[in-house]
Amino acid sequence: MKKFLSIFAVLLIAATSLTLCACNFVPSTRFLSKYQVNKLAKEFDKPQAEMTLNYTTNGKEVEVKITYDLLLTQTPLATIRFIQLVNEGFYNETVIDTYNKTDKYMVLGRYLYKDSKVQKEGTKVYIQNVSDKTFKGEFESNGYREPKDGYAQFKIFSLGMYHDAYTEENNNFDSANGYLIFAMANQTLNPANYAVFAQMASVSFKRNAEAEATVYTKVPSDLLDQLTSFTGTNTPSKTSSSYNGIYTDDSETNTVSPAPSVMSTVVTVHIRMLGDYDWSKLPTVGR
């Protein structure tokens, strides 16, 4: 009897250990269980983030602050990965670099905007913002089943991730770089490749440095018009002085080359988490 109890105790401890491990680490080959999602929802109730956009237009410095509700229960892995990257400062000093006119969204997080050390003083460059960490996002194309409350739709200023990383492991690792899709209109994008994880709660629009910021629950039309007016893109030549001499930078070879198609106005990005949460309790996703 004692021997049986000893074996039972060992098995119980092993099972408990596995359960605890599952809460702290999520293998990249599967999604979070309903139990894990419900536990996260209780511990991190209604998490929010704030994204700040800064740019200059018509000689005025503009500041836009967007508060986001994060959809932790609908796209937990994408949301967790976003939170981790925000807390690492991954998005700070990045830029909105291009605009998809067909699907009406911008892309951010791919490039940092810095002073060039290899061109004349004052020249600016885009430096690629590289991340080699991968994770599995909630995309229909990698086996994610539609949640009970449906796939979250892109609404104006929503944030999402794109299924852009294919590996030898049956596409288990998706959106590896954490680059963000920033919606410019209410729309339906294919959930096979797009995952919405944040919806706009409010937006603050400071039209110049001296003005007071005005808070809106809907995107003001003049702000939308202003941002979309920057969508004219340019591929500058290396000898051109237009567009502030924007170049991509290869720090390893200490060389520069013309940037790929970039926004005609530089819009810099900063993102921070809001609320008093212990983010270290979030499970680790991917590798």
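The values are calculated or read from the model by the stated rules, or taken from the named source; none is laboratory data. The model shown is predicted, which means the values in this text are computed figures rather than measured ones. For neighbour counting, all protein chains shown are included, and Cβ atoms are generated from backbone atoms with ideal geometry for every residue, glycine included.
Quick one: in the stretch 193-218, of everything that is within 20 Å of the chain's Cα centre (by Cα) and of a type in the set (V, I, T), which residue is nearest to Y162 (Cα to Cα)?
Checked the stretch 193-218; the qualifying residue nearest to Y162 (Cα to Cα) is V196.
Quick one: what pairs do we get from the stretch 29-58, first residue over 30 Å from L223 (Cβ atoms), second in a helix (DSSP H, G or I), C-beta under 6 Å, 6+ apart or different chains?
If the second residue must be in a helix (DSSP H, G or I), the pairs left are L32/P76; V37/P76.
Return the residues of the stretch 209-230 that are modelled with pLDDT under 90 and over 15 Å from V267 (Cβ atoms); say none if nothing qualifies.
Residues satisfying the conditions are A209, E210, A211, E212, A213.
Restricting attention to the stretch 109-130, does a residue exist that is closer than 23 Å to T188 by Cα, at pLDDT below 90 and not in a loop (DSSP other than H, G, I, E, B)?
For the stretch 109-130, residues closer than 23 Å to T188 by Cα, at pLDDT below 90 and not in a loop (DSSP other than H, G, I, E, B): present.
Touching a Ser or Thr at 6+ places or on another chain (Cβ under 6 Å) and among the polar types (S, T, N, Q): is that true of N38 in this structure?
It is false that N38 is touching a Ser or Thr at 6+ places or on another chain (Cβ under 6 Å) and among the polar types (S, T, N, Q).
When you scan the stretch 30-72, how many residues do you find that are of a type in the set (V, I, T) and under 30 Å from G143 (Cβ atoms)?
Going through the stretch 30-72 one residue at a time, the tally reaches 1.
Considering every residue within the stretch 194-207, establish whether at least one is modelled with pLDDT of 85 or more and assigned to a loop (DSSP other than H, G, I, E, B).
Checking the stretch 194-207: at least one residue is modelled with pLDDT of 85 or more and assigned to a loop (DSSP other than H, G, I, E, B).
Given the condition part of a strand (DSSP E or B) and either in contact with a His (Cβ under 6 Å, 6 or more places away or on another chain) or at pLDDT below 90 (or both), answer yes or no: does some residue in the stretch 65-84 qualify?
No: the stretch 65-84 contains no residue that is part of a strand (DSSP E or B) and either in contact with a His (Cβ under 6 Å, 6 or more places away or on another chain) or at pLDDT below 90 (or both).
Pick from the stretch 33-52 the residues that are in contact with a strand residue (DSSP E or B) (Cβ under 8 Å, 6 or more places away or on another chain) and buried (at least 21 other Cβ atoms within 10 Å of the Cβ): which of them is nearest to E146 (Cα to Cα)?
Per the criteria, the residue is P47.
Mind checking whether some residue in the stretch 177-191 is closer than 15 Å to A78 by Cα, assigned to a loop (DSSP other than H, G, I, E, B), at pLDDT below 90 and of a type in the set (A, V, I, L, M, F, W, C)?
No, because not a single residue in the stretch 177-191 is closer than 15 Å to A78 by Cα, assigned to a loop (DSSP other than H, G, I, E, B), at pLDDT below 90 and of a type in the set (A, V, I, L, M, F, W, C).
Can you work out which of the residues in the stretch 92-108 that are part of a loop (DSSP other than H, G, I, E, B) and within 25 Å of N190 (Cβ to Cβ) is modelled with the lowest pLDDT?
Checked the stretch 92-108; the qualifying residue modelled with the lowest pLDDT is K101.
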